[in-house]
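Down below is the structure, laid out as structure tokens.
We did not get these values from a lab; they are worked out from the coordinates using the rules stated. Please read these numbers as outputs of a predicted model, since none were measured by experiment. Here the Cβ is made from the backbone with ideal geometry for all residues, glycine too, and neighbour counts use every protein chain on show.
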Amino acid sequence: MPAITIREFLAQTADAQRNEGMFELETPHMLQINMKGLMWIKLGSMIAYRGDISFEREGMLERGVGQLLKRTISGEGAKLTKAQGTGALYLADKGKRVTLLKLEGESIVVNGNDLLAFEASIKNEITMMRKVSAIASGGLFNVRLSGSGIIAITTHHKPVTLVVRAGQPIHTDPQATVAWSGHLTPDFKTDIQFKTLLGRGSGESFQMHFDGDGFVIVQPYEEDLLQSD
């Protein structure tokens, strides 16, 4: 690729500043939030901002003792930061693709590592996998989001949504599973032998089992959740 001038580079990469809404995709891998108040964002996801914006890490007891215990057991700690003020806030997460979803009185469960941001109007609650197999696969910490507002999730490459129907279950690799309908409760299936446990194991060894009516979002990538962040 031939070299270009600084002026040409600035023209090609300049912030669009469309201000079309609160959440905008500056690029497929970067989110711009036009701040006018409070927003929840993933800890460490801020890459730039303009205006008067302050950041405050989520307090240990901010959502009650029950949520504190879940964070402690999961080993996740405080993963969210409150961003507050007015201006333009730019977020990204390791070059992952950003997808915006609008909740209209619905609920969705998102893998904690794949949640980038959400409006303060959205209720959020940490959920935990109940099976030991979930811990072994790394898929322990998830966030249930419900209400009305916009959320931003991240994926490696373009995600695919699989429709789940009662009696026609979907099985997914926990390391490739990004989110699912809030009313679905995944179970786990495993066929592993003891020798597999001596190593890390694979997505084929531990499978998430979804049955009912809803959807599951997967990505074409097996993310090492134990090594994330």
Q. What list of ³J(HN,Hα) values in whole Hz, one per residue of segment 114-123 in order, does the Karplus curve 6.51 cos²θ - 1.76 cosθ + 1.60 (θ = phi - 60°) give from phi, with Gly and Pro shown as x?
A. 9, 9, 9, 6, 7, 5, 5, 6, 7, 7
Q) How far, in nm, would the chain grow between D213 and M128 when pulled straight, counting 0.36 nm per residue and subtracting the alpha carbon separation? A) 28.5 nm
Q.
Given a Förster distance of 25 Å, report the FRET efficiency between L38 and D15 from their Cβ-Cβ distance, rounded to the nearest 0.05.
A. 0.60
